[in-house]
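These notes concern the structure reproduced below.
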Amino acid sequence: MIKFSGKKIKNLLKKIERKYHPKYQINFLNQGMINLIDVGSIGGLPSPWNTHANCINFLLNFEPNEAIQKGKNFMTYNTALWESEETLPFYIYKGFNATGSSLFQQNHEYVQNHWETLRLQGPKELAETWFERSKLVETKTLKCRSLDQIINEEFSLKTFHFLKIDAQGAEYNILKGASEFLSKSCVGLHLELFVIPLYKEIALLSEVESYLNNFGFKLIKKFPPHGTFNSQHDCIFIHESRNPQIASKIRKIYQIDH
């Protein structure tokens, strides 16, 4: 007789739940109402959407390091997004299995010049290993396109409501290539934004917030700092008047009160 430990049984039950529970299934029983664009999320839906997949009608996912995939309710592009159609260098850093790789170069000079202050911020183990993890391993070239271009050419009949970006400093550049989307159908955004220039020439949180304010978006939630040197925040922006029903659903998913 095969015996299973309590931990193995618990893990097995979690796998079964994730496969069959409605909240983990995109557009379960055609009840999804939000068309979601996810940029830079490796390994499946990001939190909290991974436990609210049933709220998603269609998922458009961008990840340059993954293969193109198509399904009834989703599509994954292995295309990098930028503010225009360009071919750019992509810097692959040692990181934790190449995490932290970016279209921007690591800002070693800034970290060195502010080391005595920075080393006291955030998790100690991340600060102590930053220089090692930020070593450049390889530089590739990526063909980039703008989000507006892709939507207009390939999804002109679909209305997208929410944009989530985790692009290691390229959030502002991607948003500049999505001005039409921001002006028309976008109701909310989830952005990971830096408050210190850990990469060279990136736009910081305040600049991105100012840009989005011009489109009618308001920062309604700034989560606690995280990452090396507490360098970044997850930020939620909402356009309250564009589609109140979708805006209310987004608030509920992120557990944000009015």
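From the set of residues in segment 1-53 that are modelled with pLDDT under 55 and aromatic (Phe, Trp, Tyr), which is most open to solvent (accessible area, probe 1.4 Å)?
Only one residue tops the list, namely 20.
For segment 48-71, filtering for residues that are free of Cβ contacts under 8 Å to residues at least 60 places away in the same chain and either part of a loop (DSSP other than H, G, I, E, B) or within 20 Å of residue 168 (Cα to Cα) (or both) leaves 8.
Yes/no matrix, rows are residues, columns are (1) more than 30 Å from residue 251 (Cα to Cα); (2) of a type in the set (D, E, K, R):
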| residue | (1), (2) |
| --- | --- |
| 110 | yes, no |
| 124 | yes, yes |
| 131 | yes, no |
| 140 | yes, yes |
| 144 | yes, no |
| 158 | no, yes |
| 169 | no, no |
| 177 | no, no |
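Please verify whether residue 91 is within 22 Å of residue 192 (Cα to Cα), in contact (Cβ under 8 Å) with a residue 60 or more places away in the chain and not small (Gly, Ala, Ser), treating the condition exactly as stated. Talk me through it step by step, then tell me what you get.
Working: within 22 Å of residue 192 (Cα to Cα): yes; in contact (Cβ under 8 Å) with a residue 60 or more places away in the chain: no; not small (Gly, Ala, Ser): yes.
So residue 91 fails the test.
Here's a check for you: in segment 240-251, which residue that is touching a residue at least 12 places away in the same chain (Cβ under 8 Å), over 16 Å from the mean Cα position of the chain (by Cα) and closer than 20 Å to residue 36 by Cβ is surrounded by the most Cβ atoms within 10 Å (Cβ to Cβ)? Lay out the reasoning, then the answer.
Of segment 240-251, the ones touching a residue at least 12 places away in the same chain (Cβ under 8 Å) are 240-243, 245-247, 249-251.
Narrowing the set further to residues that are over 16 Å from the mean Cα position of the chain (by Cα) leaves 240-243, 245-247, 249, 251.
Checking which are closer than 20 Å to residue 36 by Cβ leaves us with 240, 242-243, 245-247, 249, 251.
On the way: 240: 16, 242: 18, 243: 19, 245: 9, 246: 22, 247: 20, 249: 19, 251: 18.
Residue satisfying both the conditions and the ranking: 246.
Residue pairs whose Cβ atoms lie under 9 Å apart, sitting 6 or more positions apart in sequence or on different chains, and linking a residue in segment 228-239 that is within 19 Å of residue 256 (Cβ to Cβ) to a partner that is at pLDDT below 95 and among the acidic types (Asp, Glu), are 234/166.
Checking each residue in segment 224-239 for being closer than 26 Å to residue 123 by Cα and either open to solvent by less than 40 Å² (accessible area, probe 1.4 Å) or charged (D, E, K, R) (or both) picks out 227, 228, 229, 231, 232, 233, 234, 235, 236. So how many residues does segment 78-100 have that are over 16 Å from residue 144 (Cα atoms) and among the charged types (D, E, K, R)? The qualifying residues number 1.
Which residues, counting only those in segment 224-258, are in a loop (DSSP other than H, G, I, E, B) and closer than 30 Å to residue 128 by Cα? Even if it seems obvious, please write down each step before you answer.
Of segment 224-258, the ones in a loop (DSSP other than H, G, I, E, B) are 224-225, 227, 231, 239-243, 254-258.
Listed by number, the residues that qualify are 224, 225, 227, 231.
Tallying residues that are hydrophobic (A, V, I, L, M, F, W, C) and free of Cβ contacts under 8 Å to residues at least 12 places away in the same chain within segment 202-215 yields 1. Which of the residues spanning segment 92-109 are open to solvent by less than 40 Å² (accessible area, probe 1.4 Å) and in contact with an Asp or Glu (Cβ under 8 Å, 6 or more places away or on another chain)? Residues satisfying the conditions are 92, 104.
The number of residues in segment 206-223 being open to solvent by 80 Å² or more (accessible area, probe 1.4 Å), within 16 Å of residue 195 (Cβ to Cβ) and part of a strand (DSSP E or B) comes to 1. Taken as a whole, the condition of being part of a loop (DSSP other than H, G, I, E, B) and open to solvent by less than 70 Å² (accessible area, probe 1.4 Å) does not apply to residue 89.
The values are calculated or read from the model by the stated rules, or taken from the named source; none is laboratory data. Because the structure is a prediction, the values reported are computed rather than measured. For neighbour counting, all protein chains shown are included, and Cβ atoms are generated from backbone atoms with ideal geometry for every residue, glycine included. In case anyone asks, the SASA skips ligands and DNA or RNA and just uses the protein heavy atoms, side chains included. Shrake-Rupley method; radii C 1.70, N 1.55, O 1.52, S 1.80 Å.
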